[in-house]
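The values are calculated or read from the model by the stated rules, or taken from the named source; none is laboratory data. Just so it is clear, the structure is predicted and the values come from calculations on it, not from any experiment. Cβ sites come from the backbone with ideal geometry, for glycine too, and all protein chains shown count toward neighbours.
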Amino acid sequence: MTKKSQDAALRSMTGFAALTGTAQPFRWAWDIRSVNGKGLDLRLRVPDWIDGLEAALRPLVAKRAKRGNVTLSLRITRDDASVGLSLNADTMRIVVKNLLAIEAEAMEQGLSLAPSRATDIAVMRGVMDAGSAQDDPAPLRAALVAEVPALLDAFDDMRAREGAALQEVLLAQLSDVETLTEQAAQLAEARKDDVAATLKRNLGRVLDNTDGADPDRVAQELALLAVKADVTEEIDRLHTHVQAARALLSDGGTVGRKLDFLMQEFNREANTLCSKAQNAELTAVGLALKALIDQMREQVQNVE
C-alpha cells in the first residue's frame with residue numbers, strides 16, 4: 001500500500017507490527033501495538049542509555065498514529081562474544097592487593113591457601129572489560145531509527161486492513177438503517193388517517209371545554225399536538241445522516257470522531273421517533289433502529 005493510499009484509507013485504532021534487526025554486537029526486536037482511545041496516548045519503552053532515541057522516535061510515530069493508545073517497545077541484547085575484552089588495570093591492582101591481604105591474614109592464622117592463578121583473577125568482576133561498543137550510541141541509534149519507517153508501514157498496513165473490514169461492516173449497517181428508515185416513512189404515511197382521527201377527537205374534547213378559553217391558546221395547543229405526532233423531520237434527518245456517514249467512510253483518513261458524533265445524532269433521531277410513534281409498528285421500527293445504531297457505535301469506537 002502506498003503512502004497516499006494509506007492516508008486515504010479508513011484505519012482501525014487496533015494494530016500490531018514487529019521487526020527484528022542486528023548491527024554487531026547488538027540484536028534487537030521492535031514491536032508496536034495499539035488499541036482504541038479518545039486521543040493519542042503514546043508510550044515508548046526503549047533503553048534510556050541510547051541518548052536521543054526516544055526524542056527521535058516520538059514524532060515519527062505521532063505522524064502515523066493520530067488516535068489510540070499506542071505502545072512502542074524495543075528490546076536490545078548484546079553478543080559479548082563478538083566484542084574484544086581488555087584488561088582493567090586499576091581493578092586488577094585492587095583485586096591483587098586484596099588477595100595478598102587475605103593470604104597474609106591466613107598465614108598469621110596458620111591457614112594454608114592454594115596459590116591464586118591468573119585465570120582466577122581474570123574472571124573476577126570488572127577485571128576484564130568488554131569493548132566500548134556502547135560508549136558511543138550514535139551509530140546504534142542511527143541504525144534503529146532507520147528501521148522505524150518499515151515498522152510503521154507494517155503497522156499502518158494492518159490498521160488499514162482492519163479499517164477496510166470495519167468499513168464493510170459499517171456500510172452494511174448503514175444500508176440496514178436506510179431500510180428501517182424507509183419502513184418508518186411508510187408506516188408514518190399509513191398512520192396519517194389514524195393521526196388525523198386522533199387530532200379530531202382531541203379537538204372535540206378541547207372545544208367542549210373551551211368556555212372562556214383564549215382562542216389563540218387553544219390554537220397553539222392543537223398545533224403542538226400536530227407537531228408531536230409528525231415524524232417527517234426525524235425521518236429526513238436520518239436519511240441525511242446516512243448520506244453523511246457514507247461520505248465520511250468514502251473519504252477515509254482520520255474520521256473516527258466525526259463518525260462518533262454522527263452516531264449521537266442517529267441515536268437522537270431514533271429516540272424522538274420512538275417518543276412520537278403513537279403506533280406499535282412504528283415504535284418497533286424505532287427500537288430496531290436504536291439497537292442497530294448502538295451496534296454501529298461500537299464499531300465506530302475502533303475507527304481512528
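Computed values, structure above
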{"quantity": "Test: residue in segment 223-233 that is surrounded by 14 or more Cβ atoms within 10 Å (Cβ to Cβ) and at pLDDT below 65", "calculated": "yes"}
{"quantity": "Matching residues in segment 160-185 - criterion: being more than 28 Å from the chain's Cα centre (by Cα) and of a type outside the set (A, V, I, L, M, F, W, C)", "calculated": "Glu178, Thr179, Thr181, Glu182, Gln183"}
{"quantity": "Qualifying residue in segment 172-193 (condition: touching a strand residue (DSSP E or B) at 6+ places or on another chain (Cβ under 9 Å) and either modelled with pLDDT of 95 or more or not assigned by TED's automatic domain parsing to the domain that holds Thr254 (or both))", "calculated": "no"}
{"quantity": "Some residue of segment 59-74 being surrounded by fewer than 13 Cβ atoms within 10 Å (Cβ to Cβ) and among the small types (Gly, Ala, Ser)", "calculated": "yes"}
{"quantity": "In segment 1-39, the residues that are at pLDDT 95 or above and aliphatic (A, V, I, L, M)", "calculated": "Met13, Ala17, Ala18, Leu19, Ala29, Ile32, Val35"}
{"quantity": "Flag if Ala270 is surrounded by 13 or more Cβ atoms within 10 Å (Cβ to Cβ) and modelled with pLDDT of 95 or more", "calculated": "yes"}
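Conditions (1) farther than 26 Å from Val35 by Cβ; (2) touching a residue at least 24 places away in the same chain (Cβ under 8 Å), marked per residue:
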| site | (1), (2) |
| --- | --- |
| His241 | yes, yes |
| Ala247 | yes, no |
| Asp260 | no, yes |
| Phe266 | no, yes |
| Ala270 | yes, yes |
| Lys276 | yes, yes |
| Ala280 | yes, no |
| Ala284 | yes, no |
| Ala288 | yes, yes |
